[in-house]
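A short write-up of the structure that comes next.
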Amino acid sequence: MIGVIADDLTGAAELGTVGLRHGLRAEIIQRGQEVNPVELVCLDTDSRSCDPGEAGRRAAAAAALLQEAGARWIYKKVDSVLRGQVTAEVEAVSRQLRLDRALLLPANPALGRVIRNGEYFVKGKPLHRTEFATDPEYPRRSAQVIRLLGAPEQFLLRLANGERTVAANTLLIGQTDSSEQVHEWAGARADNCLMAGGSEFFGALLGREFPGATAVRAEKIDFSEGLELFICGSASKSVQTLVKAAKAAHVPVVGLPKELIWDMNFTPEACQVISQRVLTAFTKSRRVVLRVGLPPAHNAAVAGRLAPHLVDIAEKVLGQLAVKNIFAEGGATSAELVRRMRWPRLQVIREWAPGVATLAVAGRGAGSQWLTIKPGSYAWPEHWTRTA
């Protein structure tokens, strides 16, 4: 068994799909749950929004759980643009596993995310000139990688400058501007070094361990039948594209009350009114889009409450209507939905595009209900939005 520790649900699912490509059946669990002996276990610590101390404790507990369950090696998944408590979690996992060094490779060149000369670029643009600059919780206001990370307590933080080895007591950040370089970095794996980073680096590590592996056969999923509910917890460009296509196709789009942007209370009565609006919309359309629909909140606390409000509505709708196909955008939104619906264990079934994964609730009848999730910064497959 191989273990993955991710700080949010979409990250765990993304690496689960990487496992599928390399012949590994994958399962996602939440912190504190029992580990089943499957080939790849991706543990979601739900720590992206925690303070450094709590994030580190959750990451260390996850490492201990996976180690006790017999994981041969453990990978620390981090956000590709280094949001969250990356340094604290990497150090905590390293201490728990008694590793004296760590290699961090967050970039995903295949998706246009590269690190060159100490700076992060997304599809040719410096990171601080992309939509990540307006992230309500972790705005990326610099492209300099070192400035995006918190100061370590134990390790020396260094940016690689041509070398492919990691010195003792060092957290080394690998620079990569091509997929070939990612594969070269995978050759630096050592027993005394924690491997951490994005999905492409994990894939390169699996490629070295399982050369020529056959991908897990994709299960057939037909989205042409049953009701579809999109729950969009971000204000990303992918949501804007989805909403534009939905409106053009006369698909109902329902948003949160504008008063919430000013931190007004979301009353039970307001929740009931909006959930009823969604239920009514389903009498006229098999697809409904539920989104935040508000300007970006500059207050992180206010922004953090919007996803739970959205899930308040979705929970009521799903409790009254059999929705076969559920699509959730954003790690916080997806995780909150899974908690509310009490789905403790999720099987990774299929990858549709990078980061877009369909999950099944373990123990439920196959095909009874599908949950498809993705990070807010990733795009939905074009044919899904085009036919909205």
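Once the Cα gyration tensor of segment 1-73 is diagonalised, what are the square roots of 5 times its eigenvalues, in whole Å and ordered largest first, as equivalent ellipsoid semi-axes?
20, 14, 8
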### Message
Out of all DSSP beta bridges in segment 2-209, what portion is antiparallel? Express it as a percent rounded to 5.
### Response
20
### Query
Among F121, F202, which comes first, then next, by fewest other beta-carbon atoms within 10 Å?
F121, F202
## Note on the structure
Taking Cα atoms only, helix 9-21 is inclined relative to the longest principal axis of the chain by an angle, in degrees rounded to 10, of 70
### Summary
Cross-link reach from K324 to lysines, straight Cα distance under 18 Å and at least 8 residues apart if same chain, gives K220, K284, K316, K374
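For a protection proxy built on the mean count of beta-carbon atoms within 10 angstrom, sort 53-61, 36-44, 269-277 highest first, please.
36-44, 53-61, 269-277
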## Note on the structure
Semi-axes of segment 2-209 from the Cα gyration tensor (sqrt of 5 times each eigenvalue, largest first, whole Å) come to 24, 18, 17
### Query
What is the set of long-range amide H partners of A143 at a cut-off below 5 Å, with H atoms built 1.01 Å from backbone N?
H128
## Note on the structure
Relative to the chain, whose Cα atoms define the longest principal axis, helix 52-68 and its Cα axis are tilted in degrees, nearest 10, by 80
### Summary
Ordered by fewest other Cβ atoms within 10 Å, a rough proxy for footprinting exposure, Y120, Y378 read Y378, Y120
### Query
For the chain, what relative contact order do you get, as a whole percent, if you take Cα pairs closer than 8 Å and at least 6 residues apart?
18
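Please state the equivalent ellipsoid semi-axes for the chain: what are the square roots of 5 times the Cα gyration tensor eigenvalues, largest first, in whole Å? Working shown, then result.
Working: eigenvalues 234, 106, 76 Å².
Listed largest to smallest, the semi-axes of the chain are 34, 23, 19 Å.
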### Message
Can you give me the angle between helix 268-281 and the longest principal axis of the chain, using Cα atoms only, in degrees from 0 to 90, rounded to the nearest 10?
### Response
80
### Query
How would you rank 94-106, 77-89, 336-348, highest first, on the average number of other Cβ atoms within 10 Å across their residues?
77-89, 94-106, 336-348
### Ranked K324, K284, criterion: other C-beta atoms within 10 Å, fewest first
K284, K324
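Values in this text are rule-based calculations from the coordinates and carry no lab data. Quick caveat: nothing in here was measured; it's all calculated off a predicted structure. Cβ atoms come from the backbone with ideal geometry, glycine included; neighbour counts cover every protein chain shown.
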